[in-house]
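Single-structure report; data block below.
The values are calculated or read from the model by the stated rules, or taken from the named source; none is laboratory data. Every value quoted in this text rests on a predicted model; they were computed, and no experiment measured them. All Cβ positions, glycine included, derive from the backbone under ideal geometry; neighbour counts span all protein chains shown.
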Amino acid sequence: MNAPAPGHGDRRTVAVVVAVQAAISLGYFSAMAHLVVHLRDDLELAAGLIGLVLALRNLVQHTLSLPVGALVDALDPVRAGRLACLLRAAGFGLLGTVSSASGLVVAAVLLGTGGALFHPAAQSLLAGLGERARTRGYAAYTVTLHAAAVLGPALGLALLNAGYWLVALTSAGLWLLAASLFSLLRRAPRVPAGRGAVAGVRTALRDRVFMGFVAVSMPAMLLVDQAAVVVPLGGADPGAVTVFACVVAMVSAAVQPWCAAGSRAERPGVLRAGLLFAGGGHLLLAAGAAGRPAGLVAAAVLHGLASGLLQPAVFQTIARHARPPRYGTYLGVRAFFAGLLAFAGGAAVSRAFEAGPRGATAALLVLALIACAAAAAARSLPVAHAGPPHGARDGADEPGPDAVTVPDHGMLTAPGTRR
């Protein structure tokens, strides 16, 4: 029997990864969009404890991203993706059935561990495709995410009438479905046995151009994550939270096809614009926009533009930096540092909201300032040549810490995650 053409294999990989994305995103957003309201109203937790639980999930996920991203490269993205889905199914199942702080901590750890495995696994499969398939595949991947993010909160709101337990168990079922879909994929190429995970992490950390990008893009995770937290913490009801989440997702989905076309996502201006839109969204919320329907929608539009620009900018930049098959390692390094900032910032924001309206306004203004500072720093990002083509021997031709950078006609990456 004839072997399938490379294009056939690429299409199969994209189709399965997009189907997985549809299932897990629908499950994730249906549960997460209403989690803060559940913790606030059903379990009557204080804002500081709510923020700590959410931040703990981020801390576990992104702290583990450093070793796990490299291990996904050294092992098998398909197997790692299946395990990730099983862990997250267990985590969402717990969210709907426990009420104690210890139970919530266990759920947060399971969700964080699953996320640390899932994102490098799924994105490594896409990053390993040819350039044309990679660009189109990631566009389909993110558009599917945002389309599910529109439907997810509405699905969760409908199920919420029976109780949050049904929302959480439905989410768990969708993650189990995603685990079964991974079995449709062949195993991806692995890093040669002699090229360990530690060597891959060391190479990424010595890549000065890449680490410059990491430093500048770190606040993106904090800014995007907090958009979904500060609105319900500010007192918005489930209907308003659903509207906000759906508008953010619709705008993000609308931006993705444009951003994915050609090499737009790799341009420094795209990263800067995404950061500035995020800052503007938090500034609107600081001005009390969440209290008015029009203001809430305007803030959601800005956050949607931010998400729609930042996600492909980060993916394409990492894909350009990473030597195949080292995408998981590079993604893990960036997610580790960004996750630490997101954890510290998320905990601080939640504590500020406990102090009342003045504290909440101050926290939102600080988030806006962080976004503006990161956007200004992005103007000085250096650029360098892309890594060697697919198939190059891992570890060969690795640049030293003083590798020379050259202009690249405005491209953010000639060298260079979430969800």
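When each of ALA249, ALA220, ALA290, ALA215 is tested for being within 25 Å of ALA377 (Cβ to Cβ) and crowded, with 21+ Cβ neighbours inside 10 Å, the lone residue that passes is ALA220. Is there a residue being closer than 18 Å to PHE182 by Cα, in a helix (DSSP H, G or I), hydrophobic (A, V, I, L, M, F, W, C) and at pLDDT below 90 anywhere in region 100-116? Scanning region 100-116 turns up at least one residue that is closer than 18 Å to PHE182 by Cα, in a helix (DSSP H, G or I), hydrophobic (A, V, I, L, M, F, W, C) and at pLDDT below 90. Condition (residue is assigned to a loop (DSSP other than H, G, I, E, B), out of contact with any Phe, Trp or Tyr (no Cβ under 8 Å at 6 or more places or on another chain) and of a type in the set (A, V, I, L, M)) applied to region 329-342: is it met by at least one residue? Checked region 329-342: no residue is assigned to a loop (DSSP other than H, G, I, E, B), out of contact with any Phe, Trp or Tyr (no Cβ under 8 Å at 6 or more places or on another chain) and of a type in the set (A, V, I, L, M). Going residue by residue through region 299-312, is there one that turns out to be closer than 18 Å to THR142 by Cα, more than 16 Å from the chain's Cα centre (by Cα) and not in a helix (DSSP H, G or I)? Taking every residue of region 299-312 in turn, none turns out to be closer than 18 Å to THR142 by Cα, more than 16 Å from the chain's Cα centre (by Cα) and not in a helix (DSSP H, G or I). Of all residues in region 164-177, those that are closer than 14 Å to VAL37 by Cβ have Cβ atoms under 7 Å from Cβ atoms of residues that are among the acidic types (Asp, Glu) and surrounded by fewer than 18 Cβ atoms within 10 Å (Cβ to Cβ), 6 or more apart or on another chain, in TYR164/ASP42.
Is it the case that region 22-35 has a residue that's at pLDDT 85 or above, surrounded by fewer than 21 Cβ atoms within 10 Å (Cβ to Cβ), touching a Ser or Thr at 6+ places or on another chain (Cβ under 6 Å) and outside any loop (DSSP other than H, G, I, E, B)? For region 22-35, residues at pLDDT 85 or above, surrounded by fewer than 21 Cβ atoms within 10 Å (Cβ to Cβ), touching a Ser or Thr at 6+ places or on another chain (Cβ under 6 Å) and outside any loop (DSSP other than H, G, I, E, B): present.
Being β-branched (Val, Ile, Thr), under 22 Å from ALA236 (Cβ atoms) and surrounded by fewer than 22 Cβ atoms within 10 Å (Cβ to Cβ) is the requirement here; does VAL106 meet it? Steps first, please.
Numbers: β-branched (Val, Ile, Thr): yes; under 22 Å from ALA236 (Cβ atoms): no; surrounded by fewer than 22 Cβ atoms within 10 Å (Cβ to Cβ): yes.
When the stated conditions are applied, VAL106 does not pass them.
Take the residues of region 155-180 that are hydrophobic (A, V, I, L, M, F, W, C) and within 21 Å of the chain's Cα centre (by Cα): which is farthest from LEU86 (Cα to Cα)? Here the residue is ALA168. Of all the criteria given as (1) surrounded by fewer than 24 Cβ atoms within 10 Å (Cβ to Cβ); (2) in contact with a helix residue (DSSP H, G or I) (Cβ under 7 Å, 6 or more places away or on another chain); (3) at pLDDT 90 or above, the one not satisfied by ALA376 is (2). Among the residues of region 223-235 satisfying the criterion of being surrounded by fewer than 24 Cβ atoms within 10 Å (Cβ to Cβ) and under 12 Å from the mean Cα position of the chain (by Cα), which is farthest from GLY304 (Cα to Cα)? Per the criteria, the residue is ASP225.
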